[in-house]
Amino acid sequence: MTRATGESLVAASDLDGTILQYFAKGDEAPRANWSLIGAMIKLGIKRVSFATNQGGVGLGYIGKARADGRPYPTPQNLSKRLWCAKGFLEQAGIEVSAVRVSLYHPYAAEVMTARQKKSCAELVREQIRGISPDSRVFWTPDMRKPAPGMLLSLGANLFYGDSEDDSGAAKAAGIHFVPVARFM
């Protein structure tokens with residue numbers, strides 16, 4: 001990727017399958033995608049923000065299980081993953097400058113009460129507060145990728161992701177997308 005003279009990179013990344021492995025079983029600690037982190041270092045990236053869809057967290061909060069019986073992630077699971085990602089990036093000398101989490105999912109919006117949504121969002125906000133002073137949690141469809149809301153709120157001009165939703169969000173935001181093979 002080339003930059004115009006004077007243009008600074010404002011990098012953002014998806015979380016699951018991009019910075020961290022897509023799915024860690026049980027209480028297994030997530031693994032970092034060191035290849036991606038190394039590529040960021042080579043580009044001179046010193047700060048990165050997260051923009052992550054986490055619609056299943058609301059379902060985990062109310063105790064729902066997936067069709068295969070596995071539980072949905074809880075706010076605590078999400079917090080653990082974000083803190084792990086921050087730690088891995090800090091080891092590489094990269095600061096987490098902002099966090100955007102979309103808890104919106106059409107099914108969760110349908111089965112959760114307004115009070116449950118508010119409580120879940122407050123719990124997530126509380127648990128991720130120390131990751132970055134600029135951490136925000138959303139419950140609206142305009143802030144769920146592939147909508148560009150999270151990326152626009154970050155002012156990003158470069159986005160790393162592993163899914164069509166990630167690519168669509170970058171395109172809708174008018175920024176450069178770097179596809180990452182899903183890290184399992």
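The values are calculated or read from the model by the stated rules, or taken from the named source; none is laboratory data. Quick caveat, the model's predicted, so the values are computed rather than measured. Glycine also receives a Cβ, built like all others from the backbone with ideal geometry; neighbour counts cover every protein chain displayed.
Just to verify a result, which residue in region 79-111, among those that are modelled with pLDDT under 95 and aliphatic (A, V, I, L, M), is farthest from Ala147 (Cα to Cα)?
Val111
Show the residue pairs meeting these rules: Cβ distance below 6 Å; 6+ apart or different chains; first residue within region 83-100 and touching a residue at least 40 places away in the same chain (Cβ under 8 Å); second residue among the charged types (D, E, K, R) and assigned to a helix (DSSP H, G or I).
Qualifying pairs under 6 Å: Val96/Lys86.
Identify all residues within region 128-150 that are closer than 18 Å to His105 by Cα, of a type in the set (A, V, I, L, M, F, W, C) and in contact with a Phe, Trp or Tyr (Cβ under 7 Å, 6 or more places away or on another chain); write none if there are none.
Passing the criteria: Phe138, Trp139, Met143.
Can you find a residue in region 109-117 that is in contact (Cβ under 8 Å) with a residue 24 or more places away in the chain and hydroxyl-bearing (Ser, Thr, Tyr)?
no
When the residues of region 127-154 are filtered to those that are out of contact with any helix residue (DSSP H, G or I) (no Cβ under 6 Å at 6 or more places or on another chain), within 24 Å of Cys84 (Cα to Cα) and in contact (Cβ under 8 Å) with a residue 24 or more places away in the chain, which remaining residue is surrounded by the fewest Cβ atoms within 10 Å (Cβ to Cβ)?
Among those residues, the one meeting the criterion is Asp134.
Of everything in region 106-126, what is among the basic types (Lys, Arg) and surrounded by fewer than 18 Cβ atoms within 10 Å (Cβ to Cβ)? Give them in sequence order.
Arg115, Lys118, Arg125
With respect to Phe177, determine if the residue is in a strand (DSSP E or B) and either at negative phi or in contact (Cβ under 8 Å) with a residue 60 or more places away in the chain (or both).
Yes: the conditions hold for Phe177.
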